[in-house]
Amino acid sequence: MRVADLWRYPVKSLAGERLAAVDVQADGFEGDRRVHVRGPRDRVLTARTHPALLGLHGTLGPDGEARVDGNPWTSDEAAAAVRQAAGPAARLVRFDGPERFDVLPLTVLTDGALARFGADPRRLRPNLVIAGVDGLAEPTWAGRELEIGEVRIGVAKVRQRCVMTTYDPDTQQQDLGILRHIVEEFGGSLALDCFVIRGGRLAAGDPVVLR
């Protein structure tokens, strides 16, 4: 098995960035989901209810800070883009706490499950895609570890999927059949909720060992 793809989402619920390599820290990929969108009553806003956020692209700048469509997240341009996508009260907020993740810091997807899924992997918002996995082996990995060079990743459980999977990453058009397919084919869960046991450096092509 090997690392096929690495993805980071510097701004929660925005489109992410594909990486050639990334540093893995105790709380996941460096720079992942450090900024999110808040709205009225200080409530966190996501693409579940504001899918237009998926049309904005989050990246990490050379200064280590999040960017929105190439603009610093603190800029007027980023603020305007987020308001247009999520409403006039929407604003960007930096938050480094573990609560910024819906479940755990890492989502791992295998190519075997992806082949059965048959749709754009970006709908599943993985951090790590592993190639060389036959069929639907994912559910059997719960409680085990992934060894990727110096990095160790713990597998907690399969990930329950939500309405975000129904939005096309490019057009934001909704197809409820996607979630229906996940429920019928995978019991509603697809990909793996994971955590970091030991950090280090990951790169596309790195060999992966299941322990």
From the residues in the range 93-104 that are open to solvent by 30 Å² or more (accessible area, probe 1.4 Å) and touching a residue at least 40 places away in the same chain (Cβ under 8 Å), which one is nearest to residue 188 (Cα to Cα)?
-> 103
Is it the case that the range 79-95 has a residue that's under 30 Å from residue 134 (Cα atoms), in a loop (DSSP other than H, G, I, E, B), under 19 Å from the mean Cα position of the chain (by Cα) and not hydroxyl-bearing (Ser, Thr, Tyr)?
-> no
Residue check, residue 90 more than 26 Å from residue 201 (Cβ to Cβ), touching a helix residue (DSSP H, G or I) at 6+ places or on another chain (Cβ under 9 Å) and either without any contact (Cβ under 8 Å) to a residue 12 or more places away in the chain or open to solvent by 40 Å² or more (accessible area, probe 1.4 Å) (or both) = no
Number of positions in the range 56-81 that are surrounded by fewer than 19 Cβ atoms within 10 Å (Cβ to Cβ), more than 23 Å from residue 21 (Cβ to Cβ) and touching a residue at least 40 places away in the same chain (Cβ under 8 Å) = 0
If you scan the range 11-52, which residues turn out to be touching a Phe, Trp or Tyr at 6+ places or on another chain (Cβ under 8 Å), open to solvent by less than 10 Å² (accessible area, probe 1.4 Å) and within 28 Å of residue 210 (Cα to Cα)?
-> 22, 28, 32
Would you call residue 107 open to solvent by less than 20 Å² (accessible area, probe 1.4 Å), of a type in the set (S, T, N, Q) and either without any contact (Cβ under 8 Å) to a residue 40 or more places away in the chain or part of a strand (DSSP E or B) (or both)?
-> yes
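The values are calculated or read from the model by the stated rules, or taken from the named source; none is laboratory data. Since this is a predicted model, take the numbers as computed values, not measurements. FYI the Cβ positions are ideal-geometry reconstructions off the backbone, even for glycines, and counts take in every protein chain you see. Accessible surface is based on the protein model in full, side chains and every heavy atom, while ligands, DNA and RNA are left aside. Shrake-Rupley method; radii C 1.70, N 1.55, O 1.52, S 1.80 Å.
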